[in-house]
Amino acid sequence: MIFRIFREVQFDASHRLLHYHGKCNRLHGHRWKVEVWMEGQADERTGIVVDFNTIKEVICGFDHQVILNSEDPMADAIRTFHPVITTQGDPTSENLASLCAAMIREESTRQGIYARVLRVRVWESPACYAEVTYDGE
């Protein structure tokens, strides 16, 4: 039997879009909301597809962090005072959705869980989100 699960997690973090022409080129923060959909078979012993706390722990790795493009010259300056999470390309909602999906897949595999990530939606404000889907895989 295949089950689908859903988990929502929120975190606070700052970012900037190095290659964007506009105010998002400046370092600023958001109250991010991440929604994750997964599917798989429940473990015979626990009855759980993926522990909801596993998803939360992966996503909360971004909480109160600075997220910058790996090419951003600001990253080295900030690292003097605070850890920096870097991304390939600008840390857009789209890139964060893809990164979150990859991190959840990696952690699930590490734990021996073979559930599929179906969708990750990343809200950077109450009115704006980006979503990556894997329904066809």
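The calculated 222 nm mean residue ellipticity attributable to helices in the chain amounts to -7000 deg cm²/dmol, summing -39500 (n - 2.57) over DSSP H runs of n ≥ 4 and dividing by all residues. Here the chain carries DSSP beta bridges of which approximately 80% are antiparallel, counting only pairs with both residues inside. Between 50, 32, 114, the Cα set farthest toward the positive side of the dipole of the stretch 2-133 (charges on each charged residue's Cβ, about the Cα centre) is that of 32. Of the candidates 100, 24, 60, which one comes out as most mobile in a Gaussian network treatment of the chain with C-alpha springs shorter than 10 Å? Of the options given, 24 has the highest mean-square fluctuation. Exposure proxy for 54, 80: other Cβ atoms within 10 Å of each Cβ, ordered fewest to most, give 80, 54. Measuring between their Cα centroids, the stretch 1-18 and the stretch 111-133 lie 6 Å from each other.
Quick one: dipole size for the stretch 22-127, taken about the Cα centre, charges +1 on Lys/Arg Cβ and -1 on Asp/Glu Cβ, in debye to the nearest 20.
That gives the stretch 22-127 a dipole magnitude of about 240 debye.
A convex hull fitted to the Cα coordinates of the chain yields 117 cubic angstrom per residue.
Using a Förster distance of 25 angstrom, determine the FRET efficiency expected from the C-beta separation of residue 21 and residue 76, and round it to 0.05.
Plugging the Cβ-Cβ distance into 1/(1 + (r/R0)^6) gives 0.60.
Coordinate-derived values only; no laboratory data. Source: prediction; values computed, not measured. Quick reminder, even Gly has a Cβ in these numbers, built from the backbone with ideal geometry, and neighbours come from all protein chains shown.
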